[in-house]
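Down below is the structure, laid out as structure tokens.
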Amino acid sequence: MRSRRRCAHIIIRPIGVSSGTDALLAILMALGIGRGDAVITTPYTFFATAGCIARVGARPLFADIDRETCNIRPSAIQECIEKTCQPDASGAWKTKNGEKLRAMIPVHLFGLCCEMEALHKIAERYRLVLIEDAAQAIGAEFPFPERTAKAGTMGDAGLFSFYPSKNIGAAGDAGMVVCQDDELAQKLRTFREHGMEPRYFHHFIGGNFRLDEIQAAVLAVKLPHLETWAAARRAAADFYGAELARARLTEKIAVPAEPYRERGLTNHHVYHQYVIRTPMRDALREHLSKREIDTAIYYPLGLHEQKCFAYLGYKKGDFPETERAARETLALPIYPEISRDAQRYVVSAIAEFFS
């Protein structure tokens, strides 16, 4: 595959697929990742990220998150590799069970990019494929020293989801893969058609991962509005931050981290969700519900504690920051059209709870 180094001129090859989940599944299949392999990812994400790793027969390895951003922590990835793997004679890193460490999948959670500069260095050091789960972060930017890059375009492959609740949503399920490598792009296009090219001639076992034309038409109409909607979400996030500070609530709750804001980026955060944190999360949520304010918990349980992943051998306490986030995080209402009056009502209800 072509080097993932951050060259000045990058040509991105998009491949429309049937969902964000199928996008990741297709990437893993096209890369030949499966039984006998292991892939590192975060335990604090939507199930599909680790679920796809398991579906192709590979072993998910988890690394804990950063307390401030809730994104996977590069130092935790390093610790995971050094603790659970060792190099063989060829230089490949293998788990104690003999699985070859093939890839890592950072998730740009809630609309904020992971620390991609550090992740690039880890991927190169351990010869790992770098797959970006950008399902929640379309349009988000990361500041490399020499240039600004978009979520999904910084690794060997990236994936997006266009589920209706995303920043750009279709009328139903839809997704996209992006990559820079011509060979991988062509293989993915064939994979989404059952590995078929030409018709009825199958080179490998793929899947039915085609993007429905109706969904594509909906997305084509919405795509030109991406920047405007992202700006509106950021403005709403700024208003929340200012109102929460004015009410002195930032002494009681943590607001979303914005580590790239001062780096001059336009889309330093695209706020798929506006997530606050408090140890009193459940009581606060109940209070807001009584005032007809909808909130959501992303996510109530780390993947390492999910029943379906019990076979991995993890236990409660293995990923303390993930478990803490699962207890404390709460997503407040945010969307491009949210009114300032609605936001003031949310903040006043939070203030009432803490009064």
Quiz item: Taking the chain as a Gaussian network, Cα atoms linked when under 10 Å apart, which of 102, 13, 199 shows the biggest mean-square fluctuation?
Solution: 199
Quiz item: On a 0 to 90 degree scale, rounded to 10, what angle separates helix 213-222 from the longest Cα axis of the chain?
Solution: 50 degrees
Quiz item: What's log10 of I(q)/I(0) for the stretch 117-241 at q = 0.14, 0.17, 0.21, 0.22 Å⁻¹, Debye sum over Cα points only, no solvent?
Solution: -0.78, -1.04, -1.28, -1.32
Exercise. Mind giving me the FRET efficiency for residue 171 and residue 202? R0 is 30 Å, r the Cβ-Cβ distance, nearest 0.05 is fine.
Key: 0.45
Self-check item: Protection proxy ranking, peptides 85-92, 48-55, 298-305, 133-140, average beta carbon neighbours within 10 Å, highest first
Solution: 133-140, 48-55, 298-305, 85-92
Quiz item: Taking the Cα atoms only, what angle lies between the long axis of helix 281-290 and the longest principal axis of the chain, rounded to 10 degrees?
Solution: 60 degrees
Quiz prompt | Extension gain, residue 238 back to residue 254 (0.36 nm per residue minus Cα-Cα distance, nm) | solution = 4.4 nm
Exercise. Using label points projected 7 Å from each Cα along Cα→Cβ, tell me how many nm separate residue 210 and residue 318, to one decimal.
Key: 4.1 nm
Quiz item: Within a Cβ distance under 12 Å of residue 301, other residues only, what is the Lys/Arg minus Asp/Glu net charge?
Solution: +1
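Taking 25 °C and 0.890 mPa s as the conditions, I'd like the Stokes-Einstein D for the stretch 225-354 in µm²/s, using the Kirkwood hydrodynamic radius from alpha carbon pairs.
Estimated via Stokes-Einstein, D reaches 153 µm²/s.
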Quiz item: Taking a point 7 angstrom from the Cα of residue 291 along the C-beta vector, which residues in the stretch 249-281 have backbone N less than 18 Å away?
Solution: 249-255, 274-281
Self-check item: Kirkwood Rh and Cα Rg combined as Rg over Rh, evaluated for the chain
Solution: 0.97
Practice problem: Quote the relative contact order of the chain in percent (integer), defining contacts as alpha-carbon pairs under 8 Å separated by 6+ residues. | Solution: 19 percent
Quiz item: By how many degrees, 0 to 90 and rounded to 10, does the Cα axis of helix 340-354 deviate from the longest principal axis of the chain?
Solution: 80 degrees
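FYI, it's all coordinate maths here, none of it is from the lab. Just so it is clear, the model here is predicted, and its values are computed rather than measured. Because the Cβ atoms are built from the backbone with ideal geometry, glycine has one as well, and the counts that use them run over all protein chains shown.
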